[in-house]
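Here the structure is laid out as structure tokens; the discussion comes afterwards.
Every number in this text was worked out from the coordinates using simple rules, so none of it is lab data. What you are looking at is a predicted structure, and each value in this text was computed from that prediction instead of being measured. With ideal geometry, Cβ positions are generated from the backbone for all residues, glycine too; neighbour counts draw on all protein chains shown.
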Amino acid sequence: MSSPTAPADPRRWTALALIALAQFIVIMDTSIIGVALPKMQTDLGFSQESLSWVFNAYVVAFGGLLLLGGRLSDLFGAKRLFTAGWIVLAAGSLAAGLASEVWVELTGRALQGVGAALIAPSALTLLMMLFGGNPKELTKALALYGAAAPAGGTAGVFLGGVITEYASWPWVFYINIPIAVIVLALAPRVMPSAPARRGSIDLAGAVTVTAGLATAVYAIVRAPETGWASAGTWLVLAAGVALIAAFVAIQAKRREPLMRLAIWRAPNLAGANIAQLLMAGAWIPMWFFLNLYLQQVLGLGAFASGSALLPMTVAIMIMMIVLAPRMIGRFGPKPLIVTGLFGLAAGMVWLSFARPDGNFWVDVLPASLLAAAGMALAFIPSLGTALSSARPEEGGLASGIVNTSYQVGSALGLAAMTAVASAYGAKELGNPAALTDGFSAAFVGAAAIAAAGAVIAWLTLRTSPAPAPATPDEAPSDRGRDNSRTAEAR
């Protein structure tokens, strides 16, 4: 990818709208199925434990292939990958909506994840191409883009409720198709083009990292059934770890790896990505189990359950677009990341006190707003820090890494908290007290994840990052552009 520029083209704001829409949709697709899960469970025959795979099939494919998507974006051009991703996403949405069996549904969801893995890193690369040369506009662009992610996740719950209540659950997938058509019609006219670059594609790396992630998630999800002490659980988990280790070994040996390992020497890159990983590992289980609490314990319908979480969306949008950019300029990213993650943890601890005979106004609303505020504070500064730490020519890789961190955290966090909830009673459908105990345990576990993220961010992030070290193949002029962009994006 060529160095980002900021052309004085009025179409860049239309392009930003499509980029934000893309982020909104790929994250919305993780959550829009939440309200529909009970009906999908009945119609397709999912067990309570396997139900989380409707989420994980998407997230594992999404997270596991993001590095490949970032590499393809750098090689073939972000605009081409952005377009291709929407085509794949639409095809997967059609398959998931038409599914009448479990395996077909999971295949469609995985295909949606493949499309999202092409869209997400190319969208961030396009954003940096459009606004990377103008720090003032870049801050605004990142704020809108950042707000689209958690807003998409929370709004997906509301939209899923409306669609499930007044249409049917397949329409939570069909909704993507007309949106894809609109984006495919507009993107060629407004998105910037970048010339293709020569290079190889690390398929071995893509296969090992995706297989390793899927295997690890499978082991954690299955652990409540097979037993945490069983040989089967630990053998499968060891296989996942071995595959991920093989991925790292492949990256160390290849001349053109999927992920250049030296990129992790960039100041703050690791800390910011860990913050994104643990933030997602806490946030996604929260909305997943909060939605089940609203429906399976409080007895709300699909529409009412989605509406109950709408205040979170409003709070996130206001804080991310209006407050967060100003607070970053005043306090810097590190204090906001740490404070936000602690706020997210506090909100989930509060949710853990929800009662079997509780109500929305006391047991859900205040705690969910506190969690949303924490998420809004931490998301944009951690995202901006992760992106600005990389060299300009590795924009696709940096985008792929930060998106991977978020999606891997989502998958592993939900898998782990599903196991916790099941162990503490969430398997007992029709028993509000047991379900509440299970969901409360999951909230406490998710709070611990968020608190750990806050502590790690405090210990690892530098308030004023030093310039990234030059590599032998990096010219001084490239180094200067990189340092300038880092300072501007910060």
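Listed values, structure above:
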read-out	value
Charge dipole (the chain, unit charges on Cβ, about Cα centre) - positive-most of S352, A99, T215	T215
Approximate spin-label separation V455-R265, in nm, with each point projected 7 Å along Cα-to-Cβ	3.0
Contour excess over end-to-end distance, with Cα ends at K39 and L365 and 0.36 nm allotted per residue	114.9 nm
Extension gain, A245 back to E137 (0.36 nm per residue minus Cα-Cα distance, nm)	34.9 nm
Dipole-positive endmost among I119, L37, G70 within the chain (Cβ charges, Cα centre)	G70
Cα long-axis angle, helix 53-76 against the chain (0 to 90 degrees, to the nearest 10)	10
Stokes-Einstein D for the chain, Kirkwood Rh over Cα pairs, 4 °C, 1.567 mPa s (µm²/s)	58
Highest to lowest packing among 305-314, 438-447, scored as the average C-beta count within 10 Å	438-447, 305-314
From phi via Karplus (6.51, -1.76, 1.60), per-residue ³J(HN,Hα) for the range 419-436 in Hz, x at Gly/Pro	5, 5, 4, 5, 5, 9, x, 6, 6, 8, 4, x, 10, x, 5, 5, 4, 5
Lys, Arg +1 and Asp, Glu -1 on Cβ, resulting dipole of the range 253-337 about Cα centre, debye, nearest 20	620
Label-point separation in nm, L310 to K253, each point 7 Å along Cα→Cβ	5.6
For G132, residues with placed amide H under 5 Å, excluding near neighbours	T5
The range 322-465: C-alpha pair distances exceeding 18 Å, %	63
Charge-dipole axis of the chain as Lys and Arg at +1 and Asp and Glu at -1 on Cβ define it, positive-most pick from Y406, Y166, S200	S200
Order of V54, V207, V157 under a 10 Å beta carbon neighbour criterion, fewest first	V207, V54, V157
Cut-off 13 Å, label 7 Å out along Cα→Cβ of Y166, residues of the range 266-305 by amide N	303-304
Loop sites in the range 253-287: trypsin sites (Lys or Arg not before Pro), DSSP, at most 14 other Cβ within 10 Å	R255
FRET efficiency for S230 and W13, using Cβ-Cβ distance with R0 set to 51 Å, rounded to 0.05	0.40
Inverse of mean 1/r across different Cα pairs in the range 349-408, Kirkwood, Å	14.0
Binned Cα-Cα distance frequencies in the range 203-253 - 10 Å width, integer %	30, 44, 20, 5
Cα-centre dipole for the chain with unit charges at Cβ (Lys and Arg positive, Asp and Glu negative), debye to 20	1460
Whichever lysines have a C-alpha closer than 23 Å to that of K427, once near sequence neighbours (fewer than 8 apart) are set aside	K39
Neighbour-count order for R355, R462, R109, R391, fewest beta carbons within 10 angstrom listed first	R462, R355, R391, R109
